[in-house]
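What follows is a single structure, written as structure tokens, with notes after it.
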Amino acid sequence: MKNLLKWKFVLLYLLGGTGYALMEIVWRGYSHWSMFLLGGVCFLMAGRISHLRTNIFIKSLICGSCITVAEFFCGLVVNRLLGLEVWDYTHLPFDVLGQICLPFTLLWIVLSVAVIPLYSKFDSELSGAQKILNKPDVVKFKAFAVKILEYSGRRAEVE
């Protein structure tokens, strides 16, 4: 059960990272590996925010703000510390050290209106798959498969 939960979060992380990188490719024509990593983190944050008991607009305001803070710290590491120069917002209004700016914060808030329900949908679908894998018939089949592999001389760990 714990293994399935880990894999669910890994899949959600990969979905978030891929989505973030694809948005960036559509927006500016290219992306960077660090944006994939950041996107996974931001998507998982959106998932945590999705559970708040408030309306989608407040959730989106919180989510967009959290993404902005995550981008700021990522920018400090990737752009300033490592010198990779992935992005520079110094030419945009209300920038902070060229790492974040007001226009992109507003964009993240707007995009969060779609991202939060999207996370919930993926989470729900993966939880449904997890419930199927824990049904008694499936558990019996997994045990049967392990016995067959052990009988054939192979060791197997099926969870």
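The values are calculated or read from the model by the stated rules, or taken from the named source; none is laboratory data. Since the model is a prediction, treat every value here as computed from it, not as a measurement. Positions of Cβ are backbone-derived with ideal geometry, glycine not excepted, and every protein chain shown enters the neighbour counts.
D95 meets the conditions (1) farther than 21 Å from V115 by Cα; (2) exposed (fewer than 14 other Cβ atoms within 10 Å of the Cβ) in every case but one. The failed one is (2). Name the pairs: first residue in the stretch 12-30 and closer than 19 Å to R48 by Cβ, second residue of a type in the set (D, E, K, R) and outside any loop (DSSP other than H, G, I, E, B), Cβ to Cβ under 8 Å, at least 6 apart or on different chains? Final answer for the pair search is L12/D123. Scan the stretch 53-68 and give yes if some residue there is touching a strand residue (DSSP E or B) at 6+ places or on another chain (Cβ under 8 Å) and within 22 Å of G98 (Cα to Cα), otherwise no. Scanning the stretch 53-68 turns up at least one residue that is touching a strand residue (DSSP E or B) at 6+ places or on another chain (Cβ under 8 Å) and within 22 Å of G98 (Cα to Cα).
Residue-wise test of (1) exposed (fewer than 14 other Cβ atoms within 10 Å of the Cβ); (2) out of contact with any helix residue (DSSP H, G or I) (no Cβ under 6 Å at 6 or more places or on another chain).
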site	(1), (2)
F9	no, yes
Y20	no, no
V26	yes, yes
S31	no, no
S34	no, no
L37	no, yes
A46	no, no
S50	no, no
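Could you look through the stretch 113-137, keep only residues that are charged (D, E, K, R) and at pLDDT 75 or above, and pick out the one that is surrounded by the fewest Cβ atoms within 10 Å (Cβ to Cβ)? Ranking the candidates gives K121 first. Just to be sure, is R48 at pLDDT 95 or above and among the charged types (D, E, K, R)? Considered against the rule, which asks whether it is at pLDDT 95 or above and among the charged types (D, E, K, R), R48 comes out as yes.
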